[in-house]
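As structure tokens, the structure follows; a few thoughts come after it.
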Amino acid sequence: IEDCGVYWHSEEFRNNNYHFDKMKTCNKNGIRLLTIFGDEWGDRKDQIKNFLLSTIGKNPTTIGARKTDLRLVEKKEAKEFLEANHIQGSTTLKMAWGLYYNNELVAVMTGNKHHRQGQEATFVLNRLAFKSGVSVQGGASKLFKALKAYAKEQGYSKLVSWSDNRWSEGRVYGAMGFSLEENMRPDYSYTKQDLRFSKQSCQKKILAKKGGIGSTEKEMALSLGLYRIWDCGKMRWAMDL
């Protein structure tokens, strides 16, 4: 488990394949590498601890999915659950399925329409989260069965999702019946001191309004003291309906 300070691991000191190559080297030697960025540890420490406990099989509570009730979850409740339990927090969602144990929400899976034009027939599985300290055996499969049926009923012909190599090996997607569609190369966000910003929030038109100087996004970002930091890549998973 590596906690990477975003300043010292930015492109000012590391090349764009640094984290990706380290991950591959670990994998070749039978080691699973979890790469945490410093801002995540600062902002989402409880959620990361929850994830690590689950990863090493040390959650204090284990529940069988058969003992849970499957229900549609109100968007507000789903977003609050994700914010409390998912490393990335909440997201835009069209629907959410949840598992309840003794009337308490213990797991959530959410879906939304694809954000790109031309992908209107594609539905996105964009979040899966379990309550802190709780493992639900068979929970992902139970939730996915419901999400898949919903997508079919709504007329979607394809399901997609992404796993982040910094956190996941993607095994849960294979177990649910997805096929690996693409191994994606490392991508970047921007850093300034100990802060990190999405590349979507650092587009040229946005940087220009902040006084950025240059002809490219990178040049404009550098003029504002913003450096790129690269991840370990992602995997895109797909399923035809």
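The values are calculated or read from the model by the stated rules, or taken from the named source; none is laboratory data. For clarity, every value in this text was computed on a predicted model and none was experimentally measured. As a convention, Cβ positions derive from the backbone with ideal geometry for all residues, glycine included, and neighbour counts pool all protein chains shown. Surface accessibility is based on the protein's heavy atoms, side chains included, excluding ligands, DNA and RNA. Shrake-Rupley method; radii C 1.70, N 1.55, O 1.52, S 1.80 Å.
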*asked:* Report the Cα-based extents of the range 181-241 along its three principal axes, largest first, to the nearest Å.
replied: 47, 23, 16
*Nearest 10 degrees, 0 to 90: what angle lies between the long axis of helix 45-55 and the longest principal axis of the chain (Cα atoms)?*
60 degrees
*According to the Kirkwood expression over distinct Cα-Cα pairs, how big is the hydrodynamic radius of the chain, in Å?*
19.4 Å
*asked:* Once you place label points 7 Å from the Cα toward the Cβ at Gln88 and Asn16, how far apart are they in nm?
replied: 2.1 nm
*asked:* For the chain, set up a GNM with springs between Cα atoms under 10 Å and report which of Ala129, Ala208, Ala140 has the largest fluctuation.
replied: Ala208
*Can you give the Rg to Rh ratio of the range 86-167, both from alpha-carbon atoms, with Rh computed by the Kirkwood formula?*
0.98
*Just the accessible area per residue of the range 130-241, please: how many Å² with a 1.4 Å probe?*
53 Å²
*Estimate the FRET efficiency between Asn112 and Leu180 by the formula 1/(1 + (r/R0)^6), using the beta-carbon distance for r and 22 Å for R0, to the nearest 0.05.*
0.55
_Three principal axis lengths of the range 29-85 [C-alpha, angstrom, descending]_ = 41, 26, 20
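Where only protein heavy atoms count, and the probe is 1.4 Å, what is the accessible area per residue for the range 1-78 in Å²?
Per-residue value: 63 Å².
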*What's log10 of I(q)/I(0) for the range 117-241 at q = 0.13, 0.19 Å⁻¹, Debye sum over Cα points only, no solvent?*
-0.72, -1.03
*Got the relative contact order for the chain handy, in percent, Cα pairs under 8 Å and 6 or more residues apart?*
22 percent
*Expressed in nm², what is the orientationally averaged projection area of the convex hull enclosing the Cα positions of the range 44-122?*
6.5 nm²
*Alpha carbon Rg of the range 2-138, scaled by the compact-globule rule 2.2 N^0.38 Å*: 1.24
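Report the full-extension gain for the segment Leu224 to Gln137: residue separation times 0.36 nm, less the Cα-Cα distance, to one decimal in nm. Please report the intermediate quantities before stating the final value.
On the way: separation 87, 0.36 × 87 = 31.32 nm, distance 4.80 nm.
That works out to 26.5 nm of additional length.
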*Which FRET efficiency, nearest 0.05, do Arg66 and Asn27 yield, Cβ-Cβ r, R0 51 Å?*
0.90
*Could you look at the chain and say what percent of its accessible area is carbon and sulfur, using a 1.4 Å probe and all protein chains?*
48 percent
*If you project the alpha carbons of the range 135-195 onto the principal axes, what extent comes out on each, in Å, largest first?*
46, 30, 21
_For Lys76, give me every one of the lysines with a C-alpha distance below 19 angstrom, ignoring sequence neighbours fewer than eight places off in its own chain._
Lys94, Lys113, Lys131
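Given a cut-off of 31 Å, name the pairs among Lys49/Lys210; Lys192/Lys234; Lys152/Lys199; Lys79/Lys148; Lys28/Lys218; Lys24/Lys210 whose C-alpha atoms lie farther apart than that in the structure shown.
Details: Lys49/Lys210 36 Å; Lys192/Lys234 24 Å; Lys152/Lys199 33 Å; Lys79/Lys148 20 Å; Lys28/Lys218 33 Å; Lys24/Lys210 38 Å.
Pairs exceeding the cut-off: Lys49/Lys210; Lys152/Lys199; Lys28/Lys218; Lys24/Lys210.
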*How many angstrom lie between the C-alpha centres of the range 123-149 and the range 13-72?*
16 Å
